[in-house]
Every structure is written in C-alpha cells, then in structure tokens.
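FYI, it's all coordinate maths here, none of it is from the lab. Note that the coordinates shown come from a computational prediction; the quantities given were computed from them, not determined experimentally. We place every Cβ from the backbone using ideal geometry, glycine too, and count neighbours over all the protein chains shown.
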Amino acid sequence: MKLLELNGLNAFHGDLQALHDVSFAIVEGEVVAIIGANGAGKTTLMRSIAGLLPHRQGEIIFDGASISGKRADLISRQGIASVPEGRCLYPSLSVEENLKMGLAAGRRGYWTLQTVYELFPALKDLRRRPATAISGGQQQMVAIGRALLCNPRLLLCDELSLGLAPKIVAEIYACFARIRQSGLAILLVEQDVTRALEVSSMVHCFLKGRISLSGRGDALGLAAISHAYFGG
Amino acid sequence: MDWIPTILNGLLLGGLYGLLGLGLALVFGIMRIANIAHGEIIVMAAFFGLMLQRLTGLNPLLLLPVVALVFFGLGYVLQIGLLNRLLGEDPLVPLLATFGLSTMLRNLMGQGFGADIHRLNSGRLPFISLHMGFANIGVLPLIILAISTASFVVLALVIGRTGFGRMVRATADNFHVVQMQGVNYSRIYALVMGIAFALTAIAGVLLGMRTTFTPYSGVEHMLLAFEVVVIGGLGSLWGPLLAGFALGVVHLVGLRLDPDSGLLYPDLLFFLVLLVRPQGFAGLRQT
Amino acid sequence: MKTLLRHRFAVPAAGISACIVLAALPFVLGSGDLGLATEILLVFTMAQMWNLLAGYAGLLSLGQAAFIGMGGYALYGVTNLLNLPIYAGILAAFVITALVAALIAPLLFRLRDAYFAIGTWVFAEIVHILVTKSDALGGSSGMPLLAIRNMDIDQFPVISFACAAVLSAGAMLFASLIIRARLGLALMAVRDNPLAAASAGIDVWRSRFLAFVLSAGVSGAAGGIYFMSTLFIDPNAAFDVNWTVILLFIVIVGGIGTLSGPAIGTVIYFGLRQLLLGQQGWFLVLMGGVAVLAAVFAPRGISGMRFLERWVGQTAP
C-alpha cells in the first residue's frame, strides 16, 4: 500500500531549480533513506513534501490523495511529521512544552507523553528545563519526540546525526526499531552513508537535484554508491 | 511627605500606561509588527465607548466587555485581511501600512467627530476618594489600576499556562517550524492581534474616563505606548507594567516640577534608557 | 519616450531647462502664485532629503518634522532675537539642524527598523514640547517674522522664491553628485545589504551618519525658508505630524530611491491638493490610503517601490 508517492517533482528556489523530475514511492511502515552530497537537494525534497516550499511542479500523493500545493499545517494534520535539520526546538519553551507542541496536530495514537518518555527516559528528568539548556543529543531526542507526538503515518527525519558524537547517534538510531513498532514509515536524510544503508530497506542517492541511484541497502556496492554520490 | 500623593498617583496612572503599552508589546513581540495605528485604536475605542454610553446610559466600566469583544473582532479581521499578507523579510512594510492606516483613521475620525474634546461620563466615580492617612486616593484611578493589573495577570496566565499560549510562544519563536506540528500561524497571529486590540480598547475606554480625548489624541498615546514597550524590554510580559509605573511617576513628578511640560519627561526617560540600557528593564531578546 | 529619457544628456538638459524656468518665474507670476511656487520648491527639497534617507540610506524617518520645525525656529530665533539678516537665519537653520542631528544620531542609531522610525518621532515630539514651553520662541501661540519690518514687503515673495530656488537647485545638484560618488554607492550598498557592505570595507555607521546629518541640515534650511515665507511660525504648524504624511506620500508615489521620484511625487501632491482644495481632511485620508496600498503592492519591501518607473522607464539611478 503506497503511503507516499512522488511523480515528476520539480522544485525551485526562486529561479534556481533544486529538484528535477524526482519520482519514488514509500510503502506503509517502510524506511527509506536519502543520501547525497551537500546541495544535492535532500533538504529541498523534505521541505517540498512537508509543504513548506511553495514553488513546485509535479505531484505528491499521500495516502491516496494529492497534497501538492496544500498548506503545510494541513499536511501535518494529515499525518506527515518532520524532524527538521538542526532540530529547531522552540527556545521560549521547556522540553516538555516542546514535546507537547506535537499534540497541536490533533492526532491520537500510540504516542503520548508517557510513551515518549518511555522511549527517551533521559528527557523525563529534563522536562522542565528550557529546550536550549540541554545537550545536542538530548535536543535531537526532543525533536523526534515532538514529531512522534503528532502520531504521524510518515516521519521525515532530516540529518539526525548532524553535529552529534557517534555514540549519541548510535543511541538515537537504536530507538528506531521501537519507533517503527508503532507502524509509521520513515523517510530519512542522512550524511552517514553506512548508517543510512543499515537502517533502511531502500536508498535513493541524490546528485544535483536528481535521483542518481536507487536500490536496496545490501544490494548496492560501494563503488556504485560513490559514483552516484559524487558524479563524474 | 508632600511627594507621596504625587508618586502614588503616578503609580496609579502608570498602571494605565502599562496597559496602553501591553497590546503594542504583544503584537511586536509575537509578530514583529509595529502598529503605528495603536493610538488611533485607543481613541476609536474611547469614541465607541462614548457612543455606546449615549445609547445605553450605562457606566463605561460596564461597557468594557462589549468594547473588548468588538475590538477583538476588528483586530482579527485586520490581521487576516491585511497584515498577514505583509509579513515577510522587510519589517518596514507592515510599518508603512499601519502608518497609512493611522493617518486614515485619525482623519476619518476628524471628519466624523470634528475637533471637539470629549470625555466619557463615569458618573460620580471621578469624585470619590479613599482617605488614607498620608494621601487621598481616587477610586477611579484605583479601579483602573486593578483592571490593568488583572489584564496583565490574565494574559500572563494565558500565554504561560495554556495550550493556546504555548502555540503562541512557539509561533513567535519559529513560525515555519510550527506548521510542522499542524499550527496555522496566520490564525494564531489573527487571534493575537484580536487580543491586543481588545486590551488596547479596554485601555482606551479607561483613558477616556480619566482624561479628555479628540480624534487627534492618538499620536501622543502611541508614542507613550511605544516608550512603555522599549523601556519595558522585548520578550517580557511584565516589563511593560514596570515601565508603565516608571513613566507614570516620571510624568506626574515632572508635571509637578514643570507644569506645562506635557510628556517631555517620559520622552526624556525613554532616551535615557536608550542610552544606558537599550534592552530595557527586562529585555531578553535584542531589538 | 523611454529612449529619450535614457539619453545621456537627458538629466543635465532637464536640469538646465529647470534653472532657466526658475529664473524666469518671478517675472511671470504674481506674488500669490510665486508663494505657491516657493512652497512647491521647498516641499520638493524636503522630499528629496527624505528620499535620500529612506531610499538610499535605508533609514525610515517618521520625525522629519523635527528638523523642518527646528530650521524654522532657528531662523526665527536668529533673526528675531539676534537681529541678524534673514540670510544668516537660513545659514543658522542649516547649521543648527545639522548639529542637533549629529548629536542625536548616536542615540537613534542604536535603534533598528521600526524602533528607529518611531524613535525619530519621539524626538520630534521632544523638540515640539521644548519649543512650546519656550516663551522666548513665542510659546504655543507662535511668533511673527520681525525682520520683515526692515525689508521691502513687495519684494519679499521674490526673495523667498529666490532662496527656495537656490536651495532646491543646490540640493538637487548635491544629491545627484552624492549618488554618483562614493557616499552614494556606499549608501546603496548599505541599504541593500548592510552585512555585505560592512564586509566590503564600507563604514556603515559613517555613511548613514553623513546621510542623516546632511538630510537634516538641508531639511532644516528648507523649513527655515518655508516659515520665513509665511511670515509666521507656531509649534503646531512647525512640528505637524502631517509633514511626515506628505513627504511619505510624495516619495512613495514618485518612487523611492530614484532621483526623479521626488519631483514627480511633488507635482502629483500639489496637483491633488489643488483638486481637493477645501477638503484637507479627505485629502489626508487619501494619502493614508496610498501608503496602505503601497505596502500591499510593494514588490520587494520599501526600497523596491518604484511605481512610475515601470511606465516611464528608469531615468536615473
């Protein structure tokens, strides 16, 4: 059952075309990874799906219905949640208040404050702290928890490992299995290619706004990936 | 000993000044919109109160809820209809719009009401005083202070303790990301503008009970409200109240020492604060 | 039309023809019309200066009345109280206003964007109150121009006109030179991207400071001549909030950040004023409405508003 389908997506930043004719699909419960060098269009892709990028041509179909051109907040309410690049927590809010913002999407499901605290026990002690007064890894957990509380069908994760120590990144990815148990699909952008291959069932490599290579993680050779990543 | 009544009255007046600035602070803090028409909203509310009073014969204090509700609606419509379209990189665009609006409203009121001075009839209230040992405190100023402080408290509770308040604070922090949690930031802005208008309208009616007003009084009040915001500091809810107290005291003490100085000393305090502590009393975020 | 205006000699030719016309006017117009012409030239000068601030330096001043009124009172102060001739008064208007602007700039420049705009307004109010309190300057009732007693009342409109013409021609020349010179380029760089400008070695603060002081000084001189020509000054007229409304209207309609903009805008303003004579209140409502419309349809923020340019074509930078 296709959850998300992109058909011929073209995205622009002003006059600059950032995505060229991007097409792929995600099935319910699947984990798909996007890899590629900086500027390849990965974040543009995420923002387009989330509805934050107004200049688009092509189709995005979510759960059978088109969400092309739909307002971002309405898309979130339909079941697409984002963990944005750089975390983007709300500095004026405490950890718990940041988490509770996920509830604003108005979707009920497995994820509640309690289950999120079970997933990330470290956050429970920190919950009254200002969101900026915790470590990078803990902030990433809050950002994920906030998105989970939207009880999404599809979770968009942009650069989870950015700026974090490998040990912390491992801890975060260790929670993936638990997160997937609630039935959601994940589309993640990841700089760490090995990590991306490990955790996903399908990988798309982006180069200059186009998909240069697609395949199952275990089926792709390093040489092919390198070629698709850097081009030339 | 003789200064105590002046200072006390300054504090009472300051409560009103704080409320005058609260709406402006709210809008600027959440949406970065400098509403130059703020003074005209104050005066419009006073005129609206006046017309309601002529219709119903009621004391203006009883009319406050109606005025607040009507102006909430006006603020909501203004934000949705006009100001939401102007939000973007350049903060001077909304300022230009509100400047134009201010000019229009001021002169429309001038065409409609002329240049006569008006005042709301508060019955016997302005003449009743409480006789404390060291001073006589007017009941009306006391009531006004109570209403102002109550407004601050209610707003603080709403912003700090409710789900709606949480959404407002989050939207003020980052209106892009807030959409990712299903929040329609345009609607939040409209609600905030509505609340700001309601608070400002209440202040306008209270002001109209205390002093006289004309269609052209708005500019003076807008500048004073702006001073309240700057001295209070951006990012704080209680800053404007403290700033209001300071300005109220400085105003009355200044008038006592220098009877026809108008708002000179509050204006000078504004520049002094700019010089010495630009972020204001409780300033957290930079201007 | 477009190619004609783009011609290399268009601007100097226009300038020279304008000077010839100006020189001829006193012989052609009666004193009433000459007074109007004086007013037009002075408002044009003020608009040009406001445009220098907003369109080139990126500083939106809502308190320009401070300098206009201050210039007026400087001239009256110097001529009434010190018994100096009016030309000294005009010079005093320029110098005193520029000096005050130089002193207040460090304070005001701590403010950004909206805060700066309203801060200039607060400053204007302070000056307004101080002047109203001053009995020497006539207090709230104002004072007449005493120097007129020593002058030929019939020649006075011509003298006023001449002063206005020289000031506006000089200001126009000066402005066009500045725009082409380093300061002008620096200002535009600062307006468009202060951070980039600073990293390119432009002293942002100094460029803005110079623009602010010059604009204030010339506006002060214009204000001085204006109130000189009306033979009377009072605080409410001197520091009227409507000065800002008018200047804003002119610069918006004519096009912010262009040299020809203020000229076009001034013509439109006075044309409309004649049409709506006796309806001052409604005229102000209209001007307010234009500001709102400008904000709604502004292509890229304030500096991008160049309405007439789209039809007439860019004549000057």
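Values for this structure:
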read-out	value
Karplus-derived 3J(HN,Hα), 6.51/-1.76/1.60, for each residue of segment C:61-68, Hz, glycine and proline x	9, 9, x, 4, 4, 4, 7, 5
Trypsin sites (Lys or Arg not before Pro) within segment A:55-108, DSSP loop, no more than 16 other Cβ atoms inside 10 Å	A:K70, A:R71, A:R108
Förster-model FRET efficiency, 35 Å R0, A:F12 and A:T194, C-beta, rounded to 0.05	0.60
Alpha-carbon centroid distance for the pair segment C:64-136 / segment A:218-232, whole angstrom	71 Å
Cβ-based charge dipole, chain B, positive-most Cα from B:G262, B:G163, B:I117	B:G163
Normalised convex hull volume, segment B:125-201, alpha-carbon set, Å³ per residue	100 Å³
Leading residue at positive end of dipole, segment C:2-240 (Cβ point charges), from C:T79, C:S219, C:N51	C:N51
Net charge of Cβ neighbours under 13 Å - reference B:N184; Lys, Arg +1; Asp, Glu -1	+3
Calculated SAXS-style log₁₀ I(q)/I(0) at q = 0.07, 0.08, 0.11, 0.14 Å⁻¹ - chain B, Debye, Cα scatterers	-0.25, -0.33, -0.63, -1.03
Relative frequency of Cα-Cα separations exceeding 51 Å in the protein assembly as shown, percent	28 percent
FRET efficiency estimate (nearest 0.05) - Cβ-Cβ, B:V77 to B:M51, R0 22 angstrom	0.65
Computed Rg/Rh of segment B:157-221, alpha carbon atoms with Kirkwood Rh	1.17
Exercise: per-residue mean of other protein chain Cβ atoms within 10 Å, C:53-61	1
Distance (nanometres) between label positions extended 7 Å along Cα→Cβ at A:A223 and C:N83	10.5 nm
Note, ³J(HN,Hα) from phi for segment A:156-167, Karplus 6.51, -1.76, 1.60, rounded to Hz, x at Gly and Pro	9, 10, 10, 6, 4, 8, 4, x, 10, 5, x, 5
Part-to-part distance (alpha-carbon centres) for segment C:189-227 and segment B:94-158, which is given in Å	39 Å
10 Å Cβ neighbours from other chains, averaged over peptide B:86-96	6
Antiparallel content of DSSP bridges confined to segment A:2-230, in %, to 5	55 percent
Projected label distance in nm at A:Q114 and A:E59, using a 7 Å step from Cα toward the beta-carbon	4.3 nm
Size of segment C:2-240 as Cα extents on the principal axes (Å, biggest first)	57, 48, 24
Point-charge dipole on Cβ atoms (K/R +1, D/E -1) for chain A, about Cα centre, debye to 20	520 debye
Prolate/oblate/rounded label for segment B:1-104 (Cα gyration tensor, a/c 1.5)	oblate
Segment B:77-188: C-alpha gyration tensor shape, a/c 1.5 cut-off, then a/b vs b/c	oblate
Calculated FRET efficiency for the pair A:R71/B:R161, C-beta based, R₀ 30 Å, to 0.05	0.55
Assigned charges on the beta-carbon of Lys, Arg, Asp, Glu; the protein assembly as shown dipole about Cα centre (debye)	1440 debye
Residue mean of other protein chain beta carbons inside 10 Å, A:75-87	2
Loop trypsin sites (Lys or Arg not before Pro), segment B:57-142 (other Cβ atoms within 10 Å of the site Cβ: 10 or fewer; DSSP)	B:R124
Two-decimal Rg to Rh for segment A:1-145 - Kirkwood Rh, Cα set	1.00
Per-residue HN-Hα couplings for segment B:31-44 [Karplus 6.51, -1.76, 1.60; θ = phi - 60°; Hz; x = Gly/Pro]	10, 6, 9, 8, 8, 5, 7, 3, x, 5, 5, 4, 5, 4
Charge dipole (debye, nearest 20) of chain B; +1 at Cβ of Lys and Arg, -1 at Cβ of Asp and Glu	680 debye
Selected from C:G271, C:G35, C:G257 as most flexible by GNM, with chain C as the system and alpha-carbon contacts under 10 Å	C:G271
Angle in degrees between helix A:136-148 and the longest Cα principal axis of chain A, rounded to the nearest 10	80 degrees
Whole-angstrom gap from segment B:77-91 to segment A:82-160, using each part's C-alpha centre	30 Å
Neighbour net charge for C:G72 - beta-carbon separation under 14 angstrom, K R +1, D E -1	-3
Space enclosed by the convex hull of the alpha-carbon atoms of segment A:15-95, per residue, Å³	146 Å³
Segment B:R119-B:T211, length gained on full extension (0.36 nm per residue, minus Cα span)	32.5 nm
Built amide H within the under 5 Å cut-off of A:D158, gap 5+	A:V83, A:E85, A:V189
Distance between modelled label sites at C:I268 and C:R149, nm, 7 Å Cα→Cβ extension	4.6 nm
Proximal aspartates and glutamates to A:K42, defined as alpha-carbon separation beneath 15 angstrom and excluding residues fewer than eight positions away on the same chain	A:D21, A:E85, A:D158, A:E159, A:E190, A:D192
Farthest toward positive dipole pole in the protein assembly as shown [+1 Lys/Arg, -1 Asp/Glu at C-beta], among C:A102, B:F213, A:A196	A:A196
Chymotrypsin sites (Phe, Trp or Tyr not before Pro) lying in DSSP loop within segment A:45-121, provided at most 15 other Cβ fall within 10 Å	A:Y110
Within the protein assembly as shown, helix-based [θ] at 222 nm, where runs of 4 or more DSSP H residues each add -39,500 (n - 2.57), nearest 500	-19500 deg cm²/dmol
